[in-house]
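Peer 1: Attaching a single structure in C-alpha cells format; questions to follow.
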Amino acid sequence: MKSFTYERAKTPAQAAAAVAKQQGAKFLAGGTNLLDLMKLEIETPTHLVDVQDLKLDRIERTDEGGLRIGALVTNTALAADATVRRDYGVLTRAIVAGASGQLRNKATTAGNLLQRTRCPYFYDTNQPCNKRKPGTGCAAIGGFSRQLAVIGSSDHCIATYPSDMAVAMRLLDATVETVKADGKTRSIAMADFHRLPGDTPERDNELERGELITAVTLPRPIGGTHLYHKVRDRASYAFALVSVAAVIQKDGSGRAAFGGVAARPWRVEAAEAAMTQGARAVASGVFAGAKPTEENQFKILLAERTLASVMAQAKG
Amino acid sequence: MKFETPATQNPIDQMKVIGRATDRIDGPLKTTGMAPYAYERHDVASGQAYGYIVGAAIAKGRITTMDTSRAKAAPGVLTVLSTLDHDKPLPLGMMNIAHLYGGAEIAHYHQAIAFVVAETFEQARAAASLIQTEYARDKGRFDLAAAAPSAPYEPSGSGADAKDIERVGDFAAAYAAAPVTIDQRYTTPGESHAMMEPFATIAGWESEKLTIWTSNQMIAWNKGSLAKALSLKPENIRVDSPYIGGGFGGKLFLRADAVLAALGAKACGRPVKVAMQRPLMINNATHRPATIQRIQLGATKDGKLTAIHHSSTSSNLPDGKPETAIAQTKMLYAAPNREYWLKLAVTDLPEGNAMRAPGEAPGLMVLEMAMDELAEKLGMDPVELRVVNDTQVDPGDPSRPFSQRHLVECLRTGAEKFGWSRRHAKPAQVREGKWLIGMGMAVGFRDSPNTKSAARIRLEKTGRLTVETDMTDIGTGTYTIMAQTAAEMMGVPIDHVKVILGDSDFPVSAGSGGQWGANNATSGLYAACVKLREQVAQQLGFNAADAIFADGKVSAGNRSVPLADAARSGPLTGEDGIDYGDIVKKNQLSTFAGHFVEVAVDAYTGETRIRRMLAVCDAGRILNPKSARSQVIGAMVMGAGAAMMEELAVDKRFGYFVNHDLASYEVPVHADIPHQEVIFLDYPDDKSSPMKAKGIGELGLCGVGAAIANAIYNATGVRVRDYPITLDKHLEKLPAIA
Ligand SMILES: Cc1cc2nc3c(=O)[nH]c(=O)nc-3n(C[C@H](O)[C@H](O)[C@H](O)COP(=O)(O)OP(=O)(O)OC[C@H]3O[C@@H](n4cnc5c(N)ncnc54)[C@H](O)[C@@H]3O)c2cc1C
Ligand code: SF4
C-alpha cells in the first residue's frame, strides 16, 4: 500500500472541494471496497477524504411521495428500513443477497454504487487490464471469463459490475444526487449512471472528479410483488453469476433488471412489454445483441430461466 | 516397541477414557483466541521485523534484471533479498518438486523472487511494490488436455518390476465378452487446500542456531528440509509448531515462508516474521493436480464385475509425481480381468502434490460415478452392486486379507438409516415445487498407513503427566487423543495430562498427513507409557505385569499406592516409539465408508442444494467419537466443495491459476451444508496397532463427491462427468419447466 494522507470533511461541499483540488484524492466511506483495493495496490490514492461526518445517513420521504436515501445510509440500515421493506421490497432483498452481515454494517449506499468490478484479472496487478491500467490490454478476453459480461462489453473490457443493490435501484428508476466542488448539484438517472466500457473502461460511471454522491432517491412506490433472485456457484457469500430483480403486478405485467451480465445493471424497458408472454419473450429482447464468450454464454439461458422462476414465484 | 503380532488385551481396552466423546482440550484456547498461531507468537523472540514476499509475475522464463534500490531506500526497510543473490536455486527440501527460492529461472507463477523486511508490515508491503523486475518469458506448457495425448506412462513398481500397464487376466477379451459394459471419460479439476491459516513463520538466530516458529504438519521433514535448503546442520535447527490453522497436505513440506524468514532474519540480525499473502498462496505452493480419467467396466447380468479398466492422466512440473487416482480401484472391487495405468504430462503450472486423500479423492469421484452408471445400466440397486462385488482380500494379491473390512455393513446400515429404499431408481422422478429431488450413494475407501512414531511421557512429582512429541495437531484433535491415551494407560483423569506437541526437540512422531497421525502417534505414546509403567512399578516395588493403574493409584493384590509416590524422588520418564513388523504388510489395513446424500436441484436455475448427508464409517476403534466426527463432517464439506464448486481456473496463455484468493476460489459456506450425520461401526482392529485404531481424517472425503454427483444425476437425469458440477453444465438439459 502506498502512503497517503487523510482528512475528515465536515460538509458535502467541503468534501467535494477537497477531492477535486488534489490529484489522486478519493472519498472514503465504509472502506470495505476501497481499502481492499488499496492493500492490493489496485487503487493508489494519495489522499483520502473521509465522508462519515457528513450527516448523510438519513432516509426521508420526498415531496413526491418517494424516498430519499442518504449516501451514508448503511446497507444494513437500508435493508431493514420499514418503509423500504414495505414499499420497495426488491431493494431489501437485493441488499441482503450481497456480501455478509458484517460487511453490510459498514458498507454505505454510495460506496456500494461505486464498488469496482470483480474481474479476476483486475485483481492481479501482474496482468494487463484496461480498467486498472488504461492501454495495457484486457487479459480477460480470451482468458477466464466465466463470471464476466455477456452484453454491453467492448473489445477493451468485458467486466461486469457486481452490485446487487444497484440492480434493484435500476429497476425502481432511482436517481443519484450529487454535489460538485463548486457546490453545484445534479441528478443522474440510475439508467445513465454506470457507463459501458467502450474504449474507456477505466471510467465506471459518469461522476466527475470530486463529485460527491449525497443521496439516492426513489420515486413513488409502484406496488406489485418484489423479488430478487441471485444465482451463484454457492449458496451464499459470492457474487452473482446472474441475478434478476423484478416487480410483477397481479396481471403479470411488470419490470425486470439483470445483474451479473454487464458493466451496469441491465434493463431494457422496451422488452418489459412482453412480461405477460413469459420469460423467453422478455429475455430475447433484453439480450438481443449479446456477445457472450464461450465460457459464459450459459448466462443468457440462466437469466431467462431465473426470470421464469421469479415469474412463477410471483404467481404464487 | 515393535508391533509384530495382533494386539491382545491391553489397558486401552478398558475404554474408560479412550472411546469416550471428549471435548478438545485445546478448544477453549482456540475459541478465546489464546492459542497462538505462528504469526501471533509475539513473545518468543523480541524485536520481530516484518517480511513481505514478492512473487514472480510470469509463469516460465527467467529474470533478466531486478532493481531493488528504491525498495532498499524506502522508509523502515531493514533488508531486501533478491533471488538473484543466489546464482542457483537453494537445494530442494524433502518431497518438494519446485525450488522455493534462488536463481534467475522462473518455473511457475508467483515463485518467490524477493523478500522485503521492514519495521512494519505496511512498510514492507509498500517497499515491495518499488522493486522493478524484468523478465524474459519462455513459452510454457499450461494445458493438461493438450499435453495428455502425448504424455508418457508413469510406470508402477520400480526397477525390473516396473510396468507401464498393470494387468491381471485379459481385460480386453473380458470387456468384449461382458454382457453389460460402460466406458466413460471423466475429468477432475485442480483444487487448492485453501486452509484458513496461511503459511507463516517467525525465524530467529542465536549465533549459528536457527529457530523457526512455524505452521507445519511434519516437523521432522520440515527440519531436515530446512537444513538442506540452508546448508545447515540439522542439530542447529529447531522447529516449533504447536498450533496449525489447517493444512490439508499443503503444509506437509517446507515452504518459502520458512526459508525467507530464516534468510531475512540472518540478513538483518533480527527475528523476522512473515505470513504469505493470500493471493500468493495458490500459485506459490502446491495444489491437487487435475486429472483426465477413463473407466471401462464389464459385468455379468447379475452385476459381477468381470473387467475393470481405470486410467488417469495428470500433469506436473518436470520430476513431479502423478495424482494416483487409480489407487483405490486396485483394492476396492475384485474382477478377474483388470488393467490400470497412469500417465504423467509435463506442464509449467505450479507444483502438484498431496492434498487430503491424494489419489483417492479424485479417483473415487470418478470410480464411484462409473459404478452408479453401471448400476443403472444393469437395472440394479447401486448399493447391491457394491455388495455383490465386495472382496475380503486384496484383489492384487489374494494371499493378503484385509485386516478387517466391514464395507457391506457400512452400506447396509447406511441404506437403512438414510431411507435409501425411498429412492427412485429412475432419475428425475421426484419433484417438490420447483425442486428436483435425488438421492445418491458411493463407497469411501482409504488406506490406513502404519508408520513409526515416538513419544515421551514424564510423571512429575505432583503426580501429573507431561507428554512430549513432535506430533502435530492440525486442528484434528491430536492433543485430546494423546491426553486420552496417557490417561487411560496411567490410570489418571484426562486433566492430569499435559500434552506438548510440535517441537522438533521432542521425539520424532508420525506427524499429520495421509490419515496416519492418530493411530500411529497414540501407539507411539502407548509404547512410551508402557515404559513409564515399568519404571513406576519398579519404583513402587510392583511387578509391572500385575500392576493395575487406575484412579491415580497403582495396585496389585491388596496393596495400593498413589501413582505420584513413584516420582517422589524425582520425575520418571518413559520414552519409546512404535515400529511395525510384517503384520501390517501381510494384512491390508484400510478404512471404509458408505456415503449417502440427498440433493435438491432448482429446476429453473440448476442450482444444487444438498439436503442431507450420512457417512457410515469403518475405521477401527474410534478413539474420540467427538473429534472423529468433526474430522468426518469436515471432510464431507470438502467433498461437497469438490463436487459442486471447487476448481482452480487455468489461464492457458499466462500459465497460472486465475482464481487465486478466497473470494474467487469458492469453497462451501455454511449455507451450503445441511444436516450431516456420521455413524461409526467402531470395530477395534487388533492387526492395526496396540490402539486397535485406524485413520479417519481422510476417509470422510473419499467417495462423498461421487455420492453428491450421483444424487444430482438421480435428481435431474443429466449426467455430468466433468467436476465440479456447476449449474452451467446441466442447465440446458434440465427437464422442461412447466
Ligand atoms: C467479501 C466481500 C463480499 C462482497 N459481496 C458482495 C455481494 O455479494 N454483492 C454486492 O453487491 N456487494 C458485495 N460486496 C461489496 C460491498 O457491497 C461493497 O464493498 C460496499 O458496498 C462498498 O461500500 P463502502 O461504503 O464500504 O465503500 P468504500 O469502500 O468506502 O468506497 C467505495 C468507493 O466509493 C467511493 N465513495 C464512497 N462514498 C462516496 C460518496 N458519497 N460519493 C462519491 N464517492 C464515494 C470511494 O471513493 C470508493 O471509490 C462485497 C464485499 C466484500 C469485501
Ligand atoms: S475485463 Fe475489464 S477489468 Fe477485466 S481484465 Fe479486461 S479490462 Fe480489466
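Peer 1: So with the 1.4 Å probe, I'd like the accessible area per residue for segment B:584-653, rounded to whole Å².
Peer 2: Values: 1560 Å² over 70 residues.
Here the residues of segment B:584-653 average 22 Å² of exposed surface.
Peer 1: Note the buried accessible area between A and B here, summed over both chains, with a 1.4 Å probe, in Å² to the nearest 100. Kindly include the intermediate steps, with their values, before the conclusion.
Peer 2: On the way: alone 14280 and 27410 Å², together 38720 Å².
That pair hides around 3000 Å² of surface in total.
Peer 1: I'd like the FRET efficiency for A:ARG186 and A:SER3, computed as 1/(1 + (r/R0)^6) with the beta carbon distance as r and R0 of 30 Å, rounded to 0.05. Walk me through the numbers on the way to the answer.
Peer 2: Numbers: r = 34 Å, r/R0 = 1.12.
Efficiency, from the Cβ-Cβ distance: 0.35.
Peer 1: For segment B:121-254, what is the number of Lys pairs with C-alpha distance below 24 angstrom, counting only pairs 8 or more positions apart or on separate chains?
Peer 2: Details: B:LYS209/B:LYS223; B:LYS209/B:LYS228; B:LYS209/B:LYS233; B:LYS209/B:LYS251; B:LYS223/B:LYS233; B:LYS223/B:LYS251; B:LYS228/B:LYS251; B:LYS233/B:LYS251.
For segment B:121-254, qualifying lysine pairs total 8.
Peer 1: Hey, how many Å between the Cα centroid of segment B:423-501 and the Cα centroid of segment B:672-719?
Peer 2: Segment B:423-501 and segment B:672-719 have Cα centres spaced 14 Å from each other.
Peer 1: While we're here: Between B:GLU4 and B:GLN535, what's the calculated FRET efficiency when r is the beta-carbon distance and R0 is 25 Å? Round to 0.05. Display every interim value, and only then the final one.
Peer 2: Values: r = 24 Å, r/R0 = 0.95.
With R0 = 25 Å, the Cβ-Cβ based efficiency is 0.60.
Peer 1: Would you mind checking which residues have amide H under 5 Å from B:GLY61's amide H? H placed 1.01 Å from N; only 5 or more apart, or other chain.
Peer 2: The answer is B:ILE106, B:ASP138.
Peer 1: With a 1.4 Å probe on protein heavy atoms only, tell me which residues of segment A:138-154 lose at least 30 Å² of accessible surface in the complex relative to the chain by itself.
Peer 2: Hits at the 30 Å² cut-off: A:PHE144, A:ARG146.
Peer 1: Sort B:508-517, B:533-542 by the packing proxy (mean of other Cβ within 10 Å over each peptide's residues), most packed first.
Peer 2: Top to bottom by mean Cβ count within 10 Å: B:508-517, B:533-542.
Peer 1: Right, next: Using the Karplus equation 6.51 cos²θ - 1.76 cosθ + 1.60 (θ = phi - 60°), what ³J(HN,Hα) coupling, rounded to whole Hz, does each residue of segment B:147-155 give in order, writing x for Gly and Pro?
Peer 2: 7, 4, x, 9, 6, x, 5, 10, x
Peer 1: Over the Cα atoms, compute the radius of gyration (one decimal) and Dmax (the largest Cα-Cα distance, rounded to a whole number) for segment B:178-248, in Å.
Peer 2: Expressed in Å, the Cα Rg and Dmax of segment B:178-248 come to 20.2, 74.
Peer 1: Using 20 Å bins from zero, what percent of all Cα-Cα pairs in chain B falls into each bin?
Peer 2: Each 20 Å bin holds this share of Cα pairs: 17, 47, 31, 5, 0.
Peer 1: Amide H of B:GLY419: which non-local residues (sequence gap of 5 or more, or other chain) have their own amide H closer than 5 Å, using H built in the peptide plane?
Peer 2: none
Peer 1: Dipole of chain A, Cα-centred, from +1 at each Lys and Arg C-beta and -1 at each Asp and Glu C-beta, to the nearest 20 debye? Present the calculation step by step, with values, prior to reporting the outcome.
Peer 2: Numbers: 41 positive and 32 negative charges, 97 e Å.
Here the size comes out at about 460 debye.
Peer 1: Long-range amide H contacts for B:GLY444: which residues qualify at under 5 Å (H placed 1.01 Å from N, peptide plane, sequence gap of 5 or more or a different chain)?
Peer 2: So B:GLY444 has HN proximity to B:ALA593, B:GLY594, B:HIS595.
Peer 1: How long, wide and thick is segment B:571-648, going by the Cα atoms along their three principal axes, in whole angstroms, largest first?
Peer 2: 67, 37, 28
Peer 1: Using a 10 Å cut-off on Cβ to Cβ distances, tally the other chain neighbours for every residue of B:642-651 and report the average as a whole number.
Peer 2: Numbers: counts 0, 0, 3, 5, 2, 2, 0, 7, 2, 9.
Mean partner-chain Cβ count within 10 Å for B:642-651: 3.
Peer 1: Moving on. Counting only other chains, what is the mean number of Cβ atoms within 10 angstrom of the Cβ of each residue in peptide B:238-248?
Peer 2: Values: counts 0, 0, 0, 0, 0, 0, 0, 0, 0, 0, 0.
So the per-residue partner count for this stretch is 0.
Peer 1: Would you calculate the separation in nanometres between label points at A:ASP251 and B:ASP582, each defined as 7 Å from the Cα along the Cα-to-beta-carbon direction?
Peer 2: 9.0 nm
Peer 1: Can you work out ³J(HN,Hα) from phi for every residue in segment B:701-706, in order, using Karplus 6.51 cos²θ - 1.76 cosθ + 1.60 and θ = phi - 60°, giving whole Hz and x for Gly and Pro?
Peer 2: In residue order, the calculated couplings are 7, 6, x, 5, x, 5 Hz.
Peer 1: As an exercise, identify the trypsin sites (Lys or Arg not before Pro) in segment A:51-108 lying in DSSP coil whose Cβ has no more than 14 other Cβ atoms within 10 Å. Mind dumping the intermediate values first?
Peer 2: Values: sites: A:LYS55, A:ARG58, A:ARG61, A:ARG68, A:ARG85, A:ARG86, A:ARG93, A:ARG104, A:LYS106; in loops: A:LYS55, A:ARG58.
Qualifying residues, ordered by number: A:LYS55, A:ARG58.
Peer 1: Still on this structure, please answer the following. Of all the C-alpha pairs in segment B:595-732, what % are more than 24 Å from each other?
Peer 2: Numbers: 3740 of 9453 pairs.
Tail of P(r) above 24 Å: 40 percent of Cα pairs.
Peer 1: For segment B:361-371, just list the computed ³J(HN,Hα) in residue order, Karplus coefficients 6.51, -1.76 and 1.60, θ = phi - 60°, integers in Hz, with x standing in for Gly and Pro.
Peer 2: Computed from phi, the couplings for segment B:361-371 are 4, x, x, 6, 4, 8, 4, 7, 6, 4, 4 Hz.
Peer 1: Give the separation of the Cα centroids, segment B:81-153 to segment B:42-56, in Å.
Peer 2: 20 Å
Peer 1: Label-point separation (nm) for B:ARG559 and B:GLU416, each offset 7 Å from Cα along Cα-to-Cβ?
Peer 2: 5.1 nm
Peer 1: According to the square roots a ≥ b ≥ c of the eigenvalues of the Cα gyration tensor, what is the shape class of chain A, taking rounded for a/c under 1.5, prolate for a/b larger than b/c otherwise, and oblate for the remainder? Kindly include the intermediate steps, with their values, before the conclusion.
Peer 2: Details: a/c = 1.89, a/b = 1.20, b/c = 1.58.
Oblate shape, in that a/c is at least 1.5 and b/c is the bigger or equal ratio.
Peer 1: Which helices pass in chain A if a helix is a full DSSP H run, must span at least 18 angstrom along its long axis by Cα, and must have mean Kyte-Doolittle hydropathy not below -1.0?
Peer 2: On the way: long enough: A:298-315 (26 Å, 0.62).
Long hydrophobic helices here: A:298-315.
Peer 1: State, to one decimal in nm, how far the label point of B:ARG400 lies from the label point of B:ILE500, with both points 7 Å from Cα in the Cβ direction.
Peer 2: 4.0 nm
Peer 1: Taking each residue in B:670-676, count the Cβ atoms of any other chain within 10 Å of its Cβ, then average. What number comes out? Please list the in-between numbers first.
Peer 2: Working: counts 3, 4, 5, 1, 1, 0, 0.
Mean partner shielding for this stretch: 2.
The values are calculated or read from the model by the stated rules, or taken from the named source; none is laboratory data. In this text, all values refer to a predicted model and were calculated from it rather than measured experimentally. Quick reminder, even Gly has a Cβ in these numbers, built from the backbone with ideal geometry, and neighbours come from all protein chains shown. These area figures cover heavy atoms from the full protein model, side chains too; ligands, DNA and RNA do not enter into them. Shrake-Rupley method; radii C 1.70, N 1.55, O 1.52, S 1.80 Å.
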